[in-house]
Amino acid sequence: MTVAIFLFSLCGAMALGMPIAFALIVCGVSLMLHMNMFETQVIAQNLIHGADNFQLMAIPFFMLAGTIMNAGGMSKRIINVAMALVGHIRGGLGYVAIVASCILASLSGSAAADAAAMSALLFPMMIKSGYDPAKSAGLIASGSIIGPMVPPSANLILFGVTASLSITKLFMAAIVPGLLIALGITVAWWWMARDMELEVPPKASPKEIACALRDGAWALVMPGILVFGLKFGIFTPMEAGVVCAAYALFVSMFVYRDLKADQIYGVLLHAGQTAAIVMFLVASALVSAWLITIADIPQQVVEMLRPFMGNKILLMIMVNILVVVIGTAMDMTPTILILTPVLVPVMVSAGIDPIYFGVVFVINNAIGLVTPPVGTTLNVVCGVTKVKMDRVIVGVWPFMIAQLVVMGLLIVFPNLVLAPMRFFMG
């Protein structure tokens, strides 16, 4: 009965068009009324406590870093580097999109920001060279979801905070799986591009490649700083966010000089607004998360899934099918905040490493960003490219299938996640 009240109150509030943050509070209030323990002070205290977490401070700084990079020309230079390296291959602009997405992912960690940057900078070039608009838009949308999978992903931070796990371990464990997703997208694009009649740009000369690398060197160094600092314990994830934001500001203003002093207020305002939305979601989620624990919903879910508990692979498959279905109707952040406190105890009870589960879970939710009808990056790409949603959905399917295949491999072979984590953690 408790699980039914949890689901119906949450889904009912969202069906009425209520914002996710308020729907989470309504869900918490419904559980409190059901358990005859309604108290407004408890709601207020949990809202405050939900945002009062030191590790969450990393999120606004990483969001600020991503906003600065787009405004300061770092994203544009990364695309230029990828263009010089692989732009001459048949379907080369598609490979440029994938390479640039990987590099941008390690800088901003935001799917929406990467999708907007790639759509604005690369999509017009693809159309001019004769690429199919639907396939091009689908590729850009698919590539942009690498951002939430790899450090400095705000979604990995949210999962780590909600599940009380090491964010550094999550960051290190997510690097190789994120690259495998990129490889899956590359294979799908290669298959699609074999028979395309496209205008192929001339191969860049060694001098042009060197110029592109030199111009983009300051941007390309940033992922190395992030991984090196986290691996050797030079800074925490929160301090890494500060370092990335400060580095991006310095490079954008004093090296590339694309970011002017009068633009800083707008950049800070945009980053602050985005971070405030996420932080309010986190605070609201703690209200329902606390009541989920009090109502013993995780144990009830364990009992429901007990028939699958003896087979870890089968349990992971069943849980991930559930997450895929939910991802078609709910955005990534609320899904993580709602399901993490329910599913992590189930995984621990079954003997599954929570770090491993967290990486697969976040990847699954990232794929949800390109599943219709609520896919966030689909809407961003449609808005920037002006391609209709139904056409982008057709273009994104081959890449989504490739991503699901890679996720299946991660489920069958957990060491694809755990072995790299142990290597990076020393």
With the condition being under 30 Å from ALA204 (Cβ atoms) and not β-branched (Val, Ile, Thr), I'd like the helices (runs of 4 or more DSSP H) fully within segment 32-130 carrying at least 1 qualifying residues.
58-71, 74-86, 92-108, 111-121, 123-128
Identify all residues within segment 266-280 that are of a type in the set (S, T, N, Q) and surrounded by fewer than 18 Cβ atoms within 10 Å (Cβ to Cβ); write none if there are none.
GLN273
Lone qualifier among LEU220, LEU249 - being within 30 Å of PHE423 (Cα to Cα), touching a residue at least 40 places away in the same chain (Cβ under 8 Å) and of a type in the set (A, V, I, L, M)
LEU220
Take the residues in segment 238-258 that are over 26 Å from the mean Cα position of the chain (by Cα) and either hydrophobic (A, V, I, L, M, F, W, C) or within 21 Å of PRO151 (Cα to Cα) (or both), then tell me which one is surrounded by the most Cβ atoms within 10 Å (Cβ to Cβ).
MET253
Segment 161-205, subset among the hydroxyl-bearing types (Ser, Thr, Tyr) and part of a helix (DSSP H, G or I), residue surrounded by the most Cβ atoms within 10 Å (Cβ to Cβ)
THR162
Output for Cβ contacts, cut-off 9 Å, separation at least six or different chains, first residue under 20 Å from ALA13 (Cα atoms) and of a type in the set (Gly, Ala, Ser) in segment 316-338, second in a helix (DSSP H, G or I) and modelled with pLDDT under 80, reads ALA329/CYS11; ALA329/MET14
Do we have THR335 as modelled with pLDDT of 80 or more and among the polar types (S, T, N, Q) here?
yes
Consider segment 59-68. How many of its residues are hydrophobic (A, V, I, L, M, F, W, C) and either modelled with pLDDT under 80 or touching an Asp or Glu at 6+ places or on another chain (Cβ under 7 Å) (or both)?
3
All positions within segment 178-228 that are within 23 Å of GLY143 (Cα to Cα) and either touching a strand residue (DSSP E or B) at 6+ places or on another chain (Cβ under 9 Å) or small (Gly, Ala, Ser) (or both)
GLY178, ALA182, GLY184, ALA188, ALA193, ALA212, GLY216, ALA217, ALA219, GLY224
Give all pairs with beta carbons closer than 9 Å in which a residue from segment 34-49 that is over 17 Å from PHE22 (Cβ atoms) and surrounded by 11 or more Cβ atoms within 10 Å (Cβ to Cβ) meets a residue that is modelled with pLDDT under 75 and of a type outside the set (A, V, I, L, M, F, W, C); count only pairs at least 6 apart in sequence or on separate chains.
HIS34/THR2; MET35/THR2
Output yes when any residue across segment 361-371 is more than 16 Å from SER144 (Cα to Cα) and among the hydroxyl-bearing types (Ser, Thr, Tyr), and no when none is.
no
2 or more residues closer than 18 Å to VAL405 by Cβ: qualifying helices (runs of 4 or more DSSP H) within segment 313-391:
354-367
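The values are calculated or read from the model by the stated rules, or taken from the named source; none is laboratory data. For clarity, every value in this text was computed on a predicted model and none was experimentally measured. All Cβ positions, glycine included, derive from the backbone under ideal geometry; neighbour counts span all protein chains shown.
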